[in-house]
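The values are calculated or read from the model by the stated rules, or taken from the named source; none is laboratory data. Please read all numbers here as calculations on a predicted model, not as lab measurements. Virtual Cβ from ideal backbone geometry, glycine too; neighbours counted across all protein chains shown.
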Amino acid sequence: MKLKKSVIAVGAIVALSTMVLAGCSPSTDSGSTSGAALTIAKPDGAITTESHNPFLGDSSASKYGYAKVIFEPLALVNPTGDLGTTPWLAESVEWNDDYTELTVVPRSGVKWSDGTAFTGDDIVFTFDMYLSGKLSDTSGLKYEGATVEGDAITLKFADSKYTAQSRVLHTPIVPKHIWENIADPNTDPLTDEGLAVGTGPYVLDNWSTESVTLKANEDYWGGELAVPELHYVSYGDNAALTTALVSGDADWAQAFIPQIENSYLAADENNHFLASPTAGAGTLFMNLQTKPFNNPALREALAWTIDREAYVDIAREGASEAVWNVTGLGALLEDEILPEYKDQNYAVDVDKAKQILTDAGYTWKDDALIDPDGEAVSFSISVPAGWSDWNTEQALIAEELDEALGIEVKVDQPDWGGWDAARQEGTFQAIIHWLEDTGNAYGLYTSTMDPKWIVDDKAQFNFGRFNDPAVTAALNTYANASSDEERQAASAVLQKAFAENVPAIPLGAHPLLGEYNTRNYVGFPTESDQYASADPTQPGIVQILTKLKPAK
Amino acid sequence: MSGAQPQLDAIAVGTTATRVVSGHSRIPWRFLGSRAAFYLFTLWAAITINFFLPRMMKGDAVSQYLARNRNVTPEAADALRALLGLDTDKSLVEQYLDYWAHLLRGDLGVSLLHGLRPVTEVISQALPWTVGLVGFATIVSFAIGTIGGGIIGWRRGSKLDVFVPITTFLGTIPYFWLGLLAIAAFSVNLRWFPIGKAYGVGMRPEWTFEFIGQVIHHGTLPAVTIVIASLGGWMLGMRNMMLTVLDEDYITVAQAKGLPNRRVLWGYAARNAVLPQIQSFALSIGFIVGGTIVMEMVFSYPGIGKLLLDATNAKDYALMQGVFLVITISVLVANVLADFAYAFLDPRTRQTEA
C-alpha cells in the first residue's frame, strides 16, 4: 500500500509541476507600442559562439546574417531580377572601361552608430587593410590602392573586376576609428564593448546562445524604420524551422522546405514564398577525361534526354527555373545569348538523341546502349547523401536515361569528404554541382571550361577538365575586356564552344529562397517586384528593411 | 559488554575472519595502483587515437569552408589556408608532438567552424546545456527506472508488471519521432511548451527567477522525452536482476529471520541487484557528454552533439579533438567513480588485493 501511495504521489507532483509550468509560461508576445519584432530564422542548430566580425565566414554574425544589417556595403548588386546595382553607402559608384578602377562618392550625412561621422577615410581604410595584409584577401580582390580627388575616391585593382563586381561592392565598410586599434581584423570577435559599430539600420542589443536581438538605429541615414527590433534565431534543422515558421515563432527564413504548399503556405494566407533565380545553376558535370563522357556525342545525347522541367518540378519542387538553351544560359541572362542561338533550345527528344548516338557509332543490344568499342555504356552519378533535392535528381536522371537510351546509371551518395575528394581529383564520372555566380555569362563558362581552376592537379571548378586554348583566351578576354564589343566577341566564342562541346549540362537556375509572412509588415520582394531576393542572409536585406511598412 | 578488544585465538574461535576484516581496512595500494596505471594508459591511447583518427578522414577544411561560404572565391584558397592556419607543412609526428605540448598547456586550438574562437570557449558554451539537461534526465531516468524496477521485481506477478512492457515499448519508439510527436501535441496544438531552444528569444542569461523559469519551461519537453525513451532499459534491467537475487538463499534467510520487508528489499535484494545498473550508468555518462544529437536537432537545443557532428562534417580537427577529449575524460572519470562505488557496495571486488 505504502509503495503504491508514493508512486501516486510522485505522479501527482509531476503532473502538478507540469501544469504550473504551463500556466506560468510568460507571454513572450512583446506588446510594444511601436510595432512587432521581426524574427529571422536559420536551420543551422544552436550558434553558441559569439563573434560579430563581418569578414569571417563562420562568425556568428555571418552565420545568422546579422552582420549585413550592422555593416553596410558601398552598393547593392541585385543577384536576381534586373541584376542591377544600387549605390548604398556610396552616393555613386562608377567603373572605368576595363573595370580595374572603381570611383565612389561617399554618402554624406551618414553617422556610425556610436555618433562619429562616416567619411571617405573609412572606405579607404577598409580597403587598405587588404593592401597592408592585415586583412586576408579571401574575396580575391587584388586591391592596389586608392586615390582621393575632392569627394571622389578611386579604388584600383590589379585585374578587371567585371566578373567580380559584387565581391568588390559588397565589401562591408568598417569604421576607421575603431578598426585601426584592432590587432587582427581577420579573427577579432568584436565582442568588447563598443566595437560592433556600423552604419547599418540596426544595432546590436543582446547576444545569447539562443538568439540575437538588434534594435533600430535611431539616427539611420536611410530614414525611419518600420520594424523596431530584429531577432535572429537558429533552429535545429529544416523541420524545426518549418514548425517555427508555421506557428509564427519565426517570420522570415531562407530554407528549402519540402512540400512547401502543404506544410507552410496553406497554414496561413499571409505566408509567402519567393524563389528568385540567379545567374548560377545546378549543373550536371561530366568527367570529360574518361569513358563514357570523353565522347561528345554521348554528352549531346544526354542533353537531349534529361528533363529539366522534372528537375524544377520534382527535385526542386518548383523553386528553380529550367535551363534549356544550348548555350547553357538561363532566362536571367537571355540578353547575352547570341542571336543565332536565341531559339536553339534543347528539349526532351529521345529520337534525336538516338540519332546522334547512332551517327556516332553507338548501337543497342537487348535495349542496352553499346559504345563504338563494343562495351555497354554505364556510369555513376554522385551527390553527397542528404542533399535531398539533388539526391532526387540523381534518381530522376538514372530513370530517364535507363528508359530512354538504355544507359545504366548507378546512383552514388557518398559522404561530403569522399565526394569532395573525387570532384577535386577528377575520379568521378558525373556529379551535380553549383556554378560560380558572377552575375553574367562568365560564371557558367569559367565554371565549366576554364583550366585556371585546376591548381596542383586539383580542381575547384571545371571538374570535367575541359581545356581548349582558344576558349581559355576568350575567357580571359571576356573577363578583362575594356569595351562591350570585345566582350561580346569573346562571349560568342564561349557560347559556340559550349553549344558544340556540351562540357556540362545546366539543369535549372540556382534560386535564392525566402519564406516570409505579411501579418505585421508588407513591402517584401515579390514575384513581380524582385528589387532584391527574399533571402534574409543576402546583402540586399538592408534595402528590404528600409522598404518594409506596417501592415494595415 | 566491555569495550576492550579481546585477543582472539583463531583456532579457538574456529575462523580467521577477524584478521581478514582488519586487512580490508588498509588502503589497497596495489589495487589502486594497477587501476591508476590502467586508466593512464587508456587516457594516452584515447588521446592518441583522437589525434590520428580525424586525419584519416577524406576531404579538407578549406574546400569545406568554400562550400559553406560561396562569397569567398576559390581563387583565395591560399589566403584562406594561411588564415585558418593550415599552411604548415609539418610532418604528422611533429604535429603530434605539438598537439601534446598544447594539450598540456590547456590550449586546444581554435575552431575553424566557430569564427576562429578558442575551442575551450566553444565547448564551454555548449557543454553546460548538455550536461544540465541530458545529465539531469539520465539521473532521473536511472533513479525512477532502478527504484521502480526494484519494486516491480519485488512484487513480481502483481499488476505492476505491466509497467515493464509499457516502458520497453516507449523505449523502442525512435527518439526523433517521440520528440516530433511531443512538439506537435504539447507545443503546436496545446501550446503548453515552446517548440524548442533552451530559453526564450531576446532573454539574457542571468540568475533571475524569470530566466530560470524559462530554462525549466523550455527544458521540460526534451527532458521528459529523454526519460520516457530511456526508462525502459533501466527498469527492465533492475527488475530482472531483482528476480535473480530474490532466489538467493540469503534473501530467504533474511525473511526467515523476520526482518521487515522494506529492509530485505532495499538492504539485501536491491543492494546486490543494483551492481550491474551502476556499471551501465557509468557507461551512459559517455552518452550524456556526447550529447543526444537527435534531441538537439528536434528541439533546437544547444549542446555538444550537434557541435561534434558539424565539426566532423567541416573537418574542424581542433574542435573534434576537443569534444572527444571531453568525452574521453568524462567516461574515464565515470568509470573510476563506478569502481569506487562497486568497491563500496560489493566487498568482493576489493579482494583482488589478496
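Report yes if some residue within the range A:215-229 is at the interface with another protein chain (Cβ under 9 Å from one of its Cβ atoms), within 28 Å of residue B:195 (Cβ to Cβ) and surrounded by fewer than 19 Cβ atoms within 10 Å (Cβ to Cβ); otherwise report no.
Among the residues of the range A:215-229, not one is at the interface with another protein chain (Cβ under 9 Å from one of its Cβ atoms), within 28 Å of residue B:195 (Cβ to Cβ) and surrounded by fewer than 19 Cβ atoms within 10 Å (Cβ to Cβ), which makes the answer no.
Of the residues B:140, B:93, B:131, B:162, which single one is of a type in the set (Val, Ile, Thr) and outside the structural domain of residue B:317 (by TED's automatic domain parsing)?
Every option except B:93 fails the conditions.
Cβ-Cβ under 6 Å, sequence separation 6+ or interchain: first residue in the range A:124-135 and within 18 Å of residue B:80 (Cβ to Cβ), partner assigned to a helix (DSSP H, G or I). Which pairs?
Taking only residues 6 or more apart or on different chains, the pairs are A:135/A:129.
Out of the residues in the range B:117-146 that are hydrophobic (A, V, I, L, M, F, W, C) and without any contact (Cβ under 8 Å) to a residue 24 or more places away in the chain, which is nearest to residue A:46 (Cα to Cα)?
B:139
Could you look through the range A:192-214, keep only residues that are at the interface with another protein chain (Cβ under 10 Å from one of its Cβ atoms) and assigned to a loop (DSSP other than H, G, I, E, B), and pick out the one that is surrounded by the most Cβ atoms within 10 Å (Cβ to Cβ)?
A:210
So which of A:80, A:116, A:103 ends up being more than 16 Å from residue A:164 (Cβ to Cβ) and crowded, with 22+ Cβ neighbours inside 10 Å?
Answer to the check: A:80.
Only residues that are among the β-branched types (Val, Ile, Thr), farther than 18 Å from residue A:350 by Cα and not in a helix (DSSP H, G or I): list them for the range A:390-419, please.
A:411
Being in contact with a Leu (Cβ under 9 Å, 6 or more places away or on another chain), aliphatic (A, V, I, L, M) and within 14 Å of chain A (Cβ to nearest Cβ) is true for just one of B:331, B:274, B:298. Which residue is that?
Residue meeting the stated conditions: B:298.
Any residue at all in the range A:478-491 that's touching a residue at least 60 places away in the same chain (Cβ under 8 Å), within 14 Å of chain B (Cβ to nearest Cβ) and under 22 Å from residue B:66 (Cβ atoms)?
Scanning the range A:478-491 turns up at least one residue that is touching a residue at least 60 places away in the same chain (Cβ under 8 Å), within 14 Å of chain B (Cβ to nearest Cβ) and under 22 Å from residue B:66 (Cβ atoms).
Any chance the range B:216-225 includes a residue that's farther than 30 Å from residue A:233 by Cβ, in contact with a Pro (Cβ under 8 Å, 6 or more places away or on another chain) and assigned to a helix (DSSP H, G or I)?
No.
Taking the range B:181-209 as the search range and keeping residues that are assigned to a helix (DSSP H, G or I) and more than 7 Å from chain A (Cβ to nearest Cβ), which one is farthest from residue A:264 (Cα to Cα)?
B:209
Could you identify the single residue in A:539, A:511 that is part of a loop (DSSP other than H, G, I, E, B) and at pLDDT below 95?
Criteria check complete, one pass: A:539.
Taking the range B:265-311, which residues are under 11 Å from the mean Cα position of the chain (by Cα) and either part of a helix (DSSP H, G or I) or over 19 Å from residue B:119 (Cα atoms) (or both)?
Correct list: B:280, B:281, B:282, B:283, B:284, B:285, B:286, B:287, B:288, B:289, B:290, B:292.
If the Cβ limit is 7 Å and pairs must be 6+ apart or interchain, which residue in the range B:275-287 that is at negative phi pairs with which residue that is not in a helix (DSSP H, G or I)?
Final answer for the pair search is B:275/B:346.
Do the conditions hold for residue A:282, that is, is it at pLDDT below 95 and surrounded by 23 or more Cβ atoms within 10 Å (Cβ to Cβ)?
yes
If I ask for residues that are closer than 21 Å to residue A:481 by Cα, surrounded by fewer than 17 Cβ atoms within 10 Å (Cβ to Cβ) and not aliphatic (A, V, I, L, M), which ones from the range A:141-168 would you list?
Correct list: A:142, A:144, A:154, A:156.
Restricting to the range A:387-426, name every residue that is in contact (Cβ under 8 Å) with a residue 40 or more places away in the chain and of a type outside the set (A, V, I, L, M).
A:388, A:389, A:390, A:392, A:393, A:400, A:406, A:408, A:423, A:426
Test of understanding: among B:84, B:116, B:92, B:112, which residue is in contact with a strand residue (DSSP E or B) (Cβ under 7 Å, 6 or more places away or on another chain), closer than 22 Å to residue B:324 by Cβ and at pLDDT below 85?
B:116
Looking at the range B:104-114, is at least one residue more than 30 Å from residue A:76 (Cβ to Cβ), part of a helix (DSSP H, G or I) and more than 14 Å from chain A (Cβ to nearest Cβ)?
yes
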